[in-house]
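Engineer: Here it is, the structure in full.
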Amino acid sequence: MATRTLLRARVAYFSKTISLHHHTKPKILQHHPPPSHLPITNIYTHQLHKTFTSTPSPPHSSHHVNELSRILSDYRNPHNDIESALNPFSHHISTNIVEQVLKRCKNLGFSAHRFFVWAQKLSSFNHSKESYHILVDILGSSKQFPLLWDFLVEMRRNESCEFSQEIFWVVFRCYSRANLPVDAIRSFDKMVDFGITPCVVDVDQLLLALCKRKHMKEVQKFFDRVEDDFALSVKSYSIMVRGWGELGEVVEALKLFDEMLERGFSVDVLAYNSILESFCNAGKMDEAYKLFMKMRSVGPKPDAFTYSIFIHAYCVKDDIHLAFRVLDRMKRYKLVPYVFTYNCIIKKLCKSDKVEDAYQLIDEMINRGVTPDCWSYNTILAFHCDHNEVNLALRLISKMEKNGCLPDRHTYNMVLKMLIKVGRFDRVEKVWESMEDRKFYPSVSTYAVMIHGLCKKKGKLEEACKYFEMMIDEGIPPYGETCELLRNRLIGLGFAEQTGILADKMERSTSCLIQELTNIMRGNKAHVRLRCEEEHSDSDQSLA
């Protein structure tokens, strides 16, 4: 096997220069991004907020996706001849490959746009509607708004894609995430310039985008402006009520709720849930309970989310007893809690050292037809890892798989960190190899866990260097602090010449980011342009 041959060569190479204890070698894995896990969204706004999800590439196209993604990362300078690098792949391009590359390169706005334009020029190729939307989202997320609007104008002029209102919903979210609420509202007003007459659904999308980022001052002005121009619905008011409620502004939330009643709206369960959530977020549990009793007497009928609001509030108040009372009441009314409702209780149980009760809740979920997610298991796993309970942690991972839930990067990061901490290096290797069997490919944060942990263990510097080399070979740029830590350990133990060897290897990488980090390995940090925080947002739990 080529990977094992290469690894044996590495071990022999390092053994000549670093006289450290020899251990069984870990496998070298082909780099893939970690599986994308969507955040839990409110069930009432889920249909309003379209999220681009990652669809796995067919096996025959994954290699092309990897290589094209690498090119976009390396050729991000406007002066780079990216077209020449892309041309060898022209006969392999498909709509699926383009979509996967764009999703993979969401932080590379400029080069993603150049890739899109290059593919557009290929004969007999037409971009999918989703590709257009993904690129708009990429440009907005990269805050390249002038380029975004140029792209939209070109779309309208060339009629290359059906221009629908959904593409503006993407723009609303981009401006809101960039904390530019006024520009988000202006983009709403620009819809007519692109032949789209805004309707109440578009209003709701803008309200949702702005409220989600808590731009309530601006969104209230917009709401007041359009209130008489559009036939606003209960949903429109409910979004606003929930927005004010999440800020703890119960007075504003209640004002809008009363306005709904005065206007003769048939207030539905969504509206009631929004105002109930506002009361609970502000700690006004008595007022919330009174409104809940009114809801039960005059309607509408409370649903599972209504009860989950109280469960969450009681968990925040550290009153697990009342949370379970609400859970029992749901059972009497034959209402099945959502997975995030159970997760809230599981988290509180683990924080109270009641991990056995948390396990029972997992079993209850399964018995009631609710599938626990990674968050459910990882919360319990964190407890085991914090208490260095190796066997229980590994047994829980097996339980996850048995119940149809694949471990994610947080699962592996926590377990690997614990195993290294307690010195169970035999188990470290088994867990690492099992990742490949489970089709999980480590990202920068997982490599960082390994390298940082091994660097701090006596006699494990050689292993740390090998994992660092794997990253470089796979084209995964390490964190700057990882380079600095490894360099300091090598110098501190008298192996300064190894920093030069690793730096030379980094310079030969095809990744521009890895080449830039060479300066840290050489000890010249002044000329290093480190990656922005967004590009390693997956580092949580890895280096703490």
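Engineer: Mind counting the residues in segment 259-283 that are among the hydroxyl-bearing types (Ser, Thr, Tyr) and either farther than 22 Å from ARG213 by Cβ or free of Cβ contacts under 8 Å to residues at least 12 places away in the same chain (or both)?
Structural biologist: Taking segment 259-283 first, the residues among the hydroxyl-bearing types (Ser, Thr, Tyr) are 266, 272, 274, 278.
Then drop every residue that is not either farther than 22 Å from ARG213 by Cβ or free of Cβ contacts under 8 Å to residues at least 12 places away in the same chain (or both), which leaves 266, 272.
Result for segment 259-283: 2.
Engineer: Starting from segment 370-381, take each residue that is open to solvent by 20 Å² or more (accessible area, probe 1.4 Å) and list its partners that are charged (D, E, K, R), counting only C-beta distances under 6 angstrom and pairs at least six apart or across chains.
Structural biologist: Hits for this filter: THR379/LYS347.
Engineer: State the number of residues belonging to segment 429-461 that are touching a residue at least 60 places away in the same chain (Cβ under 8 Å) and closer than 19 Å to MET471 by Cβ.
Structural biologist: 17
Engineer: Out of (1) open to solvent by less than 40 Å² (accessible area, probe 1.4 Å); (2) under 27 Å from the mean Cα position of the chain (by Cα); (3) at pLDDT below 95, what's the single condition that is false for LEU291?
Structural biologist: Going through (1) open to solvent by less than 40 Å² (accessible area, probe 1.4 Å); (2) under 27 Å from the mean Cα position of the chain (by Cα); (3) at pLDDT below 95 one by one, LEU291 breaks only (2).
Engineer: Follow-up. State which residue pairs qualify: first residue under 15 Å from GLY283 (Cβ atoms) and inside segment 245-258, second residue in a helix (DSSP H, G or I) and hydroxyl-bearing (Ser, Thr, Tyr) in any location, beta carbons under 7 Å apart, and separation of 6 or more residues or different chains.
Structural biologist: Pairs that qualify, where the first residue is under 15 Å from GLY283 (Cβ atoms) and the partner is in a helix (DSSP H, G or I) and hydroxyl-bearing (Ser, Thr, Tyr), are GLY245/SER274; GLY245/SER278; VAL250/SER278; ALA253/SER278.
Engineer: Here's something else I'd like to know. Out of segment 473-488, which residues are closer than 16 Å to THR499 by Cβ and open to solvent by 10 Å² or more (accessible area, probe 1.4 Å)?
Structural biologist: Going through segment 473-488, the residues closer than 16 Å to THR499 by Cβ turn out to be 478, 480-488.
Once the filter is applied, which keeps residues that are closer than 16 Å to THR499 by Cβ and open to solvent by 10 Å² or more (accessible area, probe 1.4 Å), segment 473-488 yields GLY480, GLU481, GLU484, LEU485, ARG487, ASN488.
Engineer: Quick one: would you say VAL422 is touching a helix residue (DSSP H, G or I) at 6+ places or on another chain (Cβ under 7 Å), without any contact (Cβ under 8 Å) to a residue 40 or more places away in the chain and surrounded by fewer than 17 Cβ atoms within 10 Å (Cβ to Cβ)?
Structural biologist: On the way: touching a helix residue (DSSP H, G or I) at 6+ places or on another chain (Cβ under 7 Å): yes; without any contact (Cβ under 8 Å) to a residue 40 or more places away in the chain: yes; surrounded by fewer than 17 Cβ atoms within 10 Å (Cβ to Cβ): yes.
Here the answer is yes, as VAL422 does meet what is asked.
Engineer: State whether the residues of segment 229-236 include one that is open to solvent by 60 Å² or more (accessible area, probe 1.4 Å), assigned to a helix (DSSP H, G or I), in contact (Cβ under 8 Å) with a residue 12 or more places away in the chain and more than 12 Å from PHE172 (Cβ to Cβ). It would help to see each step written out before you state the result.
Structural biologist: Just the residues of segment 229-236 that are open to solvent by 60 Å² or more (accessible area, probe 1.4 Å), to begin with: 229, 231, 235.
Imposing the further condition that a residue be assigned to a helix (DSSP H, G or I) reduces the set to 235.
Checking the rest, the ones that are also in contact (Cβ under 8 Å) with a residue 12 or more places away in the chain come to 235.
Filter once more, keeping what is more than 12 Å from PHE172 (Cβ to Cβ): 235.
Yes, there is a match, as at least one residue in segment 229-236 is open to solvent by 60 Å² or more (accessible area, probe 1.4 Å), assigned to a helix (DSSP H, G or I), in contact (Cβ under 8 Å) with a residue 12 or more places away in the chain and more than 12 Å from PHE172 (Cβ to Cβ).
The values are calculated or read from the model by the stated rules, or taken from the named source; none is laboratory data. Here the structure is a predicted model, which means the values were calculated and not measured. All Cβ positions, glycine included, derive from the backbone under ideal geometry; neighbour counts span all protein chains shown. The area values use the complete protein model at the heavy-atom level, side chains included, leaving out ligands, DNA and RNA. Shrake-Rupley method; radii C 1.70, N 1.55, O 1.52, S 1.80 Å.
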